[in-house]
Amino acid sequence: MSDWYRDFANSGFGTTITKQLGLPRPAQLRRYEPGQPLLPGPAVVGSAGEGRLRDEVTGLLRDAGVTVVSPVAADGSTDGERLAAVLLDATGLTGPADLAAAHDFLAPALKRLRPSGRVLVLADPPTGTSSPAQAAARQALEGLVRSLAKELRSGSTANLVHVPLGAEGSLASPLRFFLSGRSAYVDGQVLAVTAAELPSAADAEQPLAGKVAVVTGAARGIGAAIARVLARDGAHVVAVDVPAAGEQLAQVANEVGGTAVALDITGDDAGPRLAAQLVARHGGVDVVVHNAGITRDKLLVNMDAARWNSVMAVNLQAQLDLTQALLATDGALKPDARVVCVSSQSGIAGNRGQTNYAASKAGVIGMVRSWAPEFAERGATINAVAPGFIVTEMTAKMPLGTREVGSRLNSLQQGGLPVDVAETIAWLAQPGSAGVNGQVVRVCGQSLLGA
Ligand code: NAD
């Protein structure tokens, strides 16, 4: 589905018109393609505070084939190429005065940032200190990064990763994600990593090779995109959808060389049946993506019980029941499993006419946070992904005005694509993402709705 406004705004005539009228000019985002280098140009790494991660980050970048250049002079002048990424290691801040160094490093470097550039700030979590001054400085970075993400143009993003002492080993996977085209529509986010036992490095092109992944709601839309991306990354995909979607489901499963399972996930014995099938046919499952979801919108005052119950059943209860069944069935869920639950921006910000949907999607976040410690103990992870405005068949049917406004109300000034949600899920599914647990990752282009 093409973005007619973006194409127009970037045409010769459209550029003139949008400039004169002060209209947004959404950029073509850099998205991941297999074989692509991590970054299309050099990166610069600077520090504010102690900067305990700086050498490690520089090493990780060099290992990934990135050229790391010296910090940019205060006047923005440099002989070199424009920067594809600007990384600030802000670990070890002692108080607000240390933040001046963040400004002094970032300001000139940003003048040299290429389109679809990446700004990534690494910091200690604000909760990990008893010093108010230190907590203030750490929390201040959140305001800085969220504002910077709103200032950047041309498809560039800014994100913040909290790395507590001892969790340095968990940094490599988020670092690669945020710098790569996989995170094209993830902007203005704060992610926390924790210490975790990491497997030996996986093949960068096929990080899910040998893994079995089950995806619910895989017959179309975002679920079909998730099936394609997981299969591209090496997984055998078990694609689940309602029997009525059987034909489309079979097409997707065939396309990705996977297995189709026609199943209503709200059926009484759906969880135990699927769990037993996964054990018998696949020897268990490594990756579970709870993607199936429905909307039945109405103002609460007019909402009948059927609308409320059906949305809660598919979007929340089925995720709980299926996960419980997998945990309860011997051999169904691999010890180092990755469970990814699709939530929604509506579950964070709320949405008029969607009390049922937003309640179900907020419930998913509560469920993920509650299960995360138990999952960590077995070496597994459970995370939520909250999409914002994603261009699907569903949103294509919205009236033009509503669709245009809805899709532009974010820092990237465009709707995301199903593949953007799928790339984020595939990253969370990677063995190397063991240190990302209990997180909610919004794939919303930094939507102006919600925190
Ligand atoms: P979609 O309607 O295109 O696809 C959902 C799929 O789930 C369908 O194939 C449907 O048959 C399947 N499904 C529904 N009930 C089921 C059941 N009981 N058992 C098995 N399968 C069932 O929706 P989509 O836009 O691709 O959304 C996918 C997920 O992303 C949903 O959870 C949705 O809430 C969430 N989401 C979407 C957007 C967006 O902008 N499209 C935004 C935020 C969140």
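The values are calculated or read from the model by the stated rules, or taken from the named source; none is laboratory data. The structure presented is a predicted model; accordingly, all values stated were derived computationally and were not measured. Ideal geometry is used to build each Cβ from the backbone, glycine not excepted, and the neighbour counts take in all protein chains shown.
Counting only residues that are among the hydrophobic types (A, V, I, L, M, F, W, C) and not in a helix (DSSP H, G or I), which one in the range 237-253 is farthest from R281 (Cα to Cα)? Let's see the steps before the verdict.
Our first condition is that a residue be among the hydrophobic types (A, V, I, L, M, F, W, C); within the range 237-253, this holds for 237-240, 242, 244-245, 249-250, 252-253.
Checking the rest, the ones that are also not in a helix (DSSP H, G or I) come to 237-240, 242.
Numbers: V237: 12, V238: 10, A239: 14, V240: 14, V242: 20 Å.
Going through the qualifying residues, I end up with V242.
Within the range 40-59, the set of residues being more than 12 Å from D89 (Cβ to Cβ) and in a helix (DSSP H, G or I) comprises G59 only.
Checked against the criterion of being within 26 Å of G416 (Cβ to Cβ), in contact (Cβ under 8 Å) with a residue 60 or more places away in the chain, away from the ligand (no atom under 16 Å from the Cβ) and touching a helix residue (DSSP H, G or I) at 6+ places or on another chain (Cβ under 7 Å), the candidates V193, V215 yield just one match: V193.
What pairs come out if I take residues in the range 54-70 that are at positive phi and pair them with residues that are of a type outside the set (D, E) whose C-beta lies under 7 Å away, six or more apart or interchain? As it stands, the answer is G65/P37; G65/L38, since those pairs meet every condition given. Residues that are away from the ligand (no atom under 16 Å from the Cβ) and among the small types (G, A, S) were ranked within the range 373-390; the one that is surrounded by the most Cβ atoms within 10 Å (Cβ to Cβ) is A380. Considered as a group, the residues in the range 227-238 that are closer than 14 Å to A422 by Cα and within 16 Å of the ligand (Cβ to nearest atom) include one that is surrounded by the most Cβ atoms within 10 Å (Cβ to Cβ), and that residue is A227.
If the condition is being among the hydrophobic types (A, V, I, L, M, F, W, C), more than 16 Å from the ligand (Cβ to nearest atom) and farther than 20 Å from G258 by Cβ, then the range 285-338 contributes L299, L300, V301, M303, A305, L327, A328. If you go through the range 339-371 and keep only what is near the ligand (Cβ under 8 Å from one of its atoms) and part of a loop (DSSP other than H, G, I, E, B), you end up with S343, S344, Q345.
Take the conditions within 13 Å of the ligand (Cβ to nearest atom), in contact (Cβ under 8 Å) with a residue 24 or more places away in the chain and more than 18 Å from N315 (Cα to Cα) and apply them to E393. Does it pass? It is true that E393 is within 13 Å of the ligand (Cβ to nearest atom), in contact (Cβ under 8 Å) with a residue 24 or more places away in the chain and more than 18 Å from N315 (Cα to Cα).
Consider A224 carefully, then state whether it is modelled with pLDDT of 95 or more and either in contact with a helix residue (DSSP H, G or I) (Cβ under 9 Å, 6 or more places away or on another chain) or more than 9 Å from the ligand (Cβ to nearest atom) (or both). Talk me through it step by step, then tell me what you get.
Details: modelled with pLDDT of 95 or more: yes; either in contact with a helix residue (DSSP H, G or I) (Cβ under 9 Å, 6 or more places away or on another chain) or more than 9 Å from the ligand (Cβ to nearest atom) (or both): yes.
Against the criterion (modelled with pLDDT of 95 or more and either in contact with a helix residue (DSSP H, G or I) (Cβ under 9 Å, 6 or more places away or on another chain) or more than 9 Å from the ligand (Cβ to nearest atom) (or both)), A224 qualifies.
Just wondering, is there one or more residues in the range 113-126 that are touching a residue at least 12 places away in the same chain (Cβ under 8 Å), of a type in the set (S, T, Y), surrounded by 18 or more Cβ atoms within 10 Å (Cβ to Cβ) and at negative phi? Scanning the range 113-126, I find no residue that is touching a residue at least 12 places away in the same chain (Cβ under 8 Å), of a type in the set (S, T, Y), surrounded by 18 or more Cβ atoms within 10 Å (Cβ to Cβ) and at negative phi, so the answer is no. A search for C-beta distances below 6 Å between a residue of the range 287-304 that is within 10 Å of Q354 (Cα to Cα) and without any contact (Cβ under 8 Å) to a residue 60 or more places away in the chain and any residue that is away from the ligand (no atom under 14 Å from the Cβ) and polar (S, T, N, Q), counting only pairs 6+ apart in sequence or on different chains, returns L300/T355.
Considering the range 246-279, and only residues there that are touching a Gly at 6+ places or on another chain (Cβ under 7 Å) and under 19 Å from A318 (Cβ atoms), the residue that is nearest to the ligand (Cβ to nearest atom) turns out to be A262.
Take V385 and decide whether it is at pLDDT 95 or above and touching a Gly at 6+ places or on another chain (Cβ under 8 Å). No, not satisfied. Look at L208 and say whether it is more than 16 Å from the ligand (Cβ to nearest atom) and assigned to a helix (DSSP H, G or I). So L208 does not fit the description; no.
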